[in-house]
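> Please find one structure pasted underneath; my questions will follow.
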Amino acid sequence: MAHYRTIASPASADYVVQRSRFYAMLLPAADVGAAQAGVRAASALHPQATHCCWACRVGYPDRPAQQASDAGEPGGTAGRPIMAALTRAALWNVALVVCRSFGGIKLGVRGLIDAYGAAADLVVAAAAVVEQQPLVLLRLTAPYRAFDTLRHRLLALGGELGACEFADEVRCTVHVPRAHAACFCQEARALGVMSEPL
């Protein structure tokens, strides 16, 4: 897959059923550690919540991984419907957390599944979903005469120019679309540019 779907920024939504309130947050997360940090942040935002359940799909494209947690709710009633929302939306490198404040009325197994799923679907619908392509991070050392040509080629490929240092030569970091990285490096060498992966 040349592109994948993710979110441009965090999103949130609330869902209320039988006086129980479900606070849903969809967050960017590169790996499981970042997802767990998002769970902790969501828990801190909702200290009255009795459960903060979550799912993540992270590490795409190099180390794709998926995890989910019911966080004390009956098995399969929270993490699984949250994960289902992420899977239906084909989102990667995200974490979805749903914190529940108990309203005094038990929802039962089916009610919990439906409520967690509805909260997850609401926050996915509220998110700004974007298509991204996997990128490779490179460090370049370029003579001044080659820098403009290289920069124009990078931008034409959909890459991004990072920090640059202008000394006797130009030293910079670049993000190059993975599908074009080998060709870009070959063109860079032809211009007298040294490249190394970071």
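The values are calculated or read from the model by the stated rules, or taken from the named source; none is laboratory data. Treat the numbers as computed from the prediction; the structure is a model and nothing was measured. Here Cβ is always computed from backbone atoms with ideal geometry, including for glycine, and neighbour counts include all displayed protein chains.
> Just checking, does the stretch 41-64 include any residue being crowded, with 20+ Cβ neighbours inside 10 Å, of a type in the set (S, T, N, Q), in the same structural domain as D114 (by TED's automatic domain parsing) and in contact with a strand residue (DSSP E or B) (Cβ under 8 Å, 6 or more places away or on another chain)?
So far as the stretch 41-64 goes, no, none of its residues is crowded, with 20+ Cβ neighbours inside 10 Å, of a type in the set (S, T, N, Q), in the same structural domain as D114 (by TED's automatic domain parsing) and in contact with a strand residue (DSSP E or B) (Cβ under 8 Å, 6 or more places away or on another chain).
> Which residues, taken from the stretch 122-152, are of a type outside the set (D, E, K, R) and in a helix (DSSP H, G or I)? Quick ask: steps written out before the conclusion?
Going through the stretch 122-152, the residues of a type outside the set (D, E, K, R) turn out to be 122-130, 132-138, 140-144, 146-147, 149-150, 152.
Scanning the stretch 122-152 gives L122, V123, V124, A125, A126, Y144, A146, F147, T149, L150, H152.
> Considering every residue within the stretch 108-121, establish whether at least one is β-branched (V, I, T), closer than 26 Å to T50 by Cβ and in a strand (DSSP E or B).
Within the stretch 108-121, not a single residue is β-branched (V, I, T), closer than 26 Å to T50 by Cβ and in a strand (DSSP E or B).
> Quick one: in the stretch 161-193, which of the residues that are exposed (fewer than 14 other Cβ atoms within 10 Å of the Cβ) and within 25 Å of D62 (Cβ to Cβ) is nearest to the chain's Cα centre (by Cα)?
The initial filter retains those residues of the stretch 161-193 that are exposed (fewer than 14 other Cβ atoms within 10 Å of the Cβ), namely 163, 165-168, 182-183, 186, 189-190, 192.
Still in the list and also within 25 Å of D62 (Cβ to Cβ): 163, 182-183, 186, 189.
On the way: A163: 23, A182: 25, C183: 27, Q186: 30, R189: 33 Å.
Ranking the candidates gives A163 first.
> Could you check the stretch 1-40 and list, in sequence order, the residues that are crowded, with 18+ Cβ neighbours inside 10 Å and either assigned to a loop (DSSP other than H, G, I, E, B) or free of Cβ contacts under 8 Å to residues at least 12 places away in the same chain (or both)?
Within the stretch 1-40, just A29 meets the criteria.
> Can I ask one more? Could you list, in sequence order, all residues of the stretch 156-183 that are touching a residue at least 40 places away in the same chain (Cβ under 8 Å), hydrophobic (A, V, I, L, M, F, W, C) and outside any strand (DSSP E or B)?
Initially, the stretch 156-183 is screened for residues touching a residue at least 40 places away in the same chain (Cβ under 8 Å), giving 175-179, 181.
When the remaining residues are screened for being hydrophobic (A, V, I, L, M, F, W, C), the result is 176, 179, 181.
Of everything in the stretch 156-183, those that are touching a residue at least 40 places away in the same chain (Cβ under 8 Å), hydrophobic (A, V, I, L, M, F, W, C) and outside any strand (DSSP E or B) turn out to be A179, A181.
> Has the stretch 136-149 got any residue that is free of Cβ contacts under 8 Å to residues at least 60 places away in the same chain, in the same structural domain as L191 (by TED's automatic domain parsing) and at positive phi? Walk me through how you get there before you give the answer.
Our first condition is that a residue be free of Cβ contacts under 8 Å to residues at least 60 places away in the same chain; within the stretch 136-149, this holds for 139-149.
If we keep only those that are in the same structural domain as L191 (by TED's automatic domain parsing) too, we end up with 139-149.
Narrowing further to those that are at positive phi: none.
No, every residue in the stretch 136-149 fails to be free of Cβ contacts under 8 Å to residues at least 60 places away in the same chain, in the same structural domain as L191 (by TED's automatic domain parsing) and at positive phi.
> Sort out which residues of the stretch 65-109 are in contact (Cβ under 8 Å) with a residue 60 or more places away in the chain and either farther than 14 Å from S20 by Cβ or surrounded by 22 or more Cβ atoms within 10 Å (Cβ to Cβ) (or both), and write them in order of number.
Here is the first cut: in the stretch 65-109, the residues in contact (Cβ under 8 Å) with a residue 60 or more places away in the chain are 89-105, 107.
Result: A89, A90, L91, W92, N93, V94, A95, L96, V97, V98, C99, R100.
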